[in-house]
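Trainee: Dropping a structure here in structure tokens format, bear with me for questions.
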Amino acid sequence: MKFKYIFIILNLTLFVFISILALMPLFLAGTPGLTSWQTNLPFVLFLKLILIAFNAFYFINRRLFFLLEKEDWPALVRYLEDRIIQKGRYSPRLVRLLANSYLVLSDSAAVMSFENKVAIAKPALVDANVLLFGAARILGKDISGAIRFFEVRKNTAKSETRDWVRWYYGFSLLLSRQTEKAAAEFSLLAQLSKDAVITALSSYFLEDTLSRALPEHGPELQSISKRGSERVLKALPRQKDWEREVSRLSAEIHAAILSKYMKETGRWLYASLKQGGG
């Protein structure tokens, strides 16, 4: 739905609620109008404040909404660079949007350059967008840089992203052919992660790649992989359950680099069930 239609619908909804509250005293039989109006007044004022704030926010950001609606990424990048870098407005929302826009344009060098500016202006926003800035290094084939970036943050990232940071650290190690270290990270996640997608991806790489690269550890890695896949299948017994989980990540730009592996992991996970008629 276009932003202007959302704007109109919300305005109409708020206006209807305000009108109902304002006119209610006239239709309440046996209730003094003044008393009812005094009761409703705080709610009317509150809704009016919301209406004013919403309209102000929309008109201040209408250029931004227009560019997002058109998906004009180069123009959006120029607009955001002016607001953030030139005017120094390093808000969490705008920083994340600009980093995402660079990645949509596959401009990983711009993401890393932007990260340096964010680190000076508001260092906390680098950690808040750790997956975006880290994924840019992988997309830009700066694998050694990705390893250093994720390694520094794998134990300090926020709880909601910590497993993903560890997974990307393991993935970066795998890409640099540091297979033993990668196996250690994926083994830990396959056994302990509460995220089904992370557990499945870790188990897949342990079985498909690392057990072959490390034949001396093959049986151990395959055993860990099997237990990890069983945990995932217990939580997501049908392939459509897996596809639903993966679709939740589709809005995350950093996950775009994993779309191929997620498909392969899904086929691997449910292949045995199909063979067994499950």
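Laboratory data are not the source of any read-out in this text; all were calculated from the coordinates shown. Bear in mind that the values here come from a model prediction, so they are computed numbers and not experimental data. Cβ: placed from backbone, ideal geometry, glycine included. Neighbour counts: every protein chain shown.
Trainee: Give, as ranges by residue number, the residues of region 138-164 whose backbone N falls under 15 Å from the point 7 Å along Cα→Cβ of Ala119.
Mentor: Correct set: 138, 142-154.
Trainee: For Cα pairs less than 8 Å apart in space and 6+ apart in sequence, what is the mean separation divided by the residue count of the chain, i.e. the relative contact order in percent?
Mentor: Values: 249 pairs, mean separation 26.5, N = 278.
With pairs under 8 Å counted, the relative contact order is 10 percent.
Trainee: Pairwise over distinct Cα atoms, reciprocal of the mean inverse distance: report the Kirkwood radius of region 105-157 in Å, one decimal place.
Mentor: Working: mean 1/r = 0.0906 Å⁻¹.
Evaluated on region 105-157, it is 11.0 Å.
Trainee: What angle, in degrees between 0 and 90 and rounded to the nearest 10, separates the Cα long axis of helix 259-275 from the longest principal axis of the Cα atoms of the chain?
Mentor: For helix 259-275, the angle is close to 70 degrees.
Trainee: In addition: Too long at a 18 Å Cα-Cα cut-off: which of Lys194/Lys234; Lys117/Lys154; Lys117/Lys158; Lys87/Lys117; Lys70/Lys122; Lys226/Lys260?
Mentor: Values: Lys194/Lys234 12 Å; Lys117/Lys154 22 Å; Lys117/Lys158 22 Å; Lys87/Lys117 13 Å; Lys70/Lys122 30 Å; Lys226/Lys260 21 Å.
Lys117/Lys154; Lys117/Lys158; Lys70/Lys122; Lys226/Lys260, as the Cα separations exceed 18 Å there.
Trainee: Using Cβ counts within 10 Å as a stand-in for footprinting exposure, how do Trp167, Trp242 rank, fewest first? Don't jump to the answer; show the numbers that get you there.
Mentor: Numbers: Trp167 26, Trp242 23.
Final ranking by Cβ density, sparse to dense: Trp242, Trp167.
Trainee: Place the peptides 254-264, 205-215 in order of packing, highest mean first, counting for every residue the other Cβ atoms within 10 Å and averaging per peptide.
Mentor: Values: 254-264: 15.8, 205-215: 18.8.
The most tightly packed comes first, giving 205-215, 254-264.
Trainee: What lysines does Lys48 reach when the alpha-carbon gap must be under 21 Å and sequence neighbours fewer than 8 apart in one chain are set aside?
Mentor: Partners within reach: Lys4.
Trainee: How far apart, in nm, are the 7 Å Cα→Cβ label points at Phe54 and Glu264?
Mentor: Modelled inter-label distance: 4.7 nm.
Trainee: Continuing with this model, one more query. Using the Cβ atoms and a cut-off under 15 Å, what net charge is assigned to the surroundings of Glu115, where Lys and Arg are +1 and Asp and Glu are -1?
Mentor: On the way: positive: Arg96, Lys117, Lys122, Arg137, Arg148, Arg153; negative: Glu81, Asp107, Asp127, Asp142.
That sum, taken over residues with Cβ under 15 Å, equals +2.
Trainee: Would you kindly state how much longer the chain becomes between Glu216 and Lys194 on full extension, computed as 0.36 nm times their sequence separation minus their alpha carbon distance, in nm to one decimal? Kindly include the intermediate steps, with their values, before the conclusion.
Mentor: Values: separation 22, 0.36 × 22 = 7.92 nm, distance 2.83 nm.
So the chain would gain 5.1 nm between Glu216 and Lys194.
Trainee: Ok, one more. Using only C-alpha atoms and all pairs of different ones, pull out the Kirkwood radius for region 153-278 in Å with one decimal.
Mentor: Details: mean 1/r = 0.0684 Å⁻¹.
Kirkwood hydrodynamic radius for region 153-278: 14.6 Å.
Trainee: Residue farthest toward the positive end of the dipole of region 148-278, with Cβ of Lys/Arg at +1 and Asp/Glu at -1: which of Thr161, Gln191, Ala251?
Mentor: Most positive-ward Cα: Ala251.
Trainee: Can you show me the helix-derived [θ] at 222 nm for the chain, built from DSSP H runs with n ≥ 4 at -39,500 (n - 2.57) apiece and divided by the number of residues, rounded to the nearest 500. List each step's numbers first, then the result.
Mentor: Details: 15 runs with 210 residues, N = 278.
Helix contribution divided over all residues of the chain: -24500 deg cm²/dmol.
Trainee: Let me ask something else about it. Can you give the charge dipole size of the chain about its Cα centre, rounded to the nearest 20 debye, using +1 on the beta carbon of Lys and Arg and -1 on the beta carbon of Asp and Glu? Let's see the in-between values first.
Mentor: Numbers: 38 positive and 25 negative charges, 96 e Å.
The dipole magnitude comes to about 460 debye.
Trainee: Also, quick follow-up: Can you give the charge dipole size of region 144-278 about its Cα centre, rounded to the nearest 20 debye, using +1 on the beta carbon of Lys and Arg and -1 on the beta carbon of Asp and Glu?
Mentor: On the way: 22 positive and 16 negative charges, 52 e Å.
Roughly 260 debye, rounded to the nearest 20.
Trainee: Okay, moving on. Using +1 at the Cβ of each Lys and Arg and -1 at the Cβ of each Asp and Glu in the chain, identify which of Ala136, Met262, Leu45 lies farthest towards the dipole's positive end.
Mentor: Checking the options against the dipole of the chain, the answer is Leu45.
Trainee: To continue, here is another question. What FRET efficiency would be calculated for the residue pair Ile8, Ala251, taking the C-beta separation as r and a Förster radius of 25 Å, to the nearest 0.05?
Mentor: Numbers: r = 25 Å, r/R0 = 0.99.
E(calc), rounded to 0.05, equals 0.50.
Trainee: Find out how many positive minus negative residues lie around Ala56, taking Lys and Arg as positive, Asp and Glu as negative, among other residues whose Cβ is under 13 Å from that of Ala56. Write down the numbers at each step before the final one.
Mentor: Numbers: positive: Lys48, Arg62; negative: none.
For residues surrounding Ala56, the net value is +2.
Trainee: Limiting things to C-alpha atoms, what are the Rg and the maximum Cα-Cα separation (Dmax) for the chain, in angstroms?
Mentor: 25.2, 87
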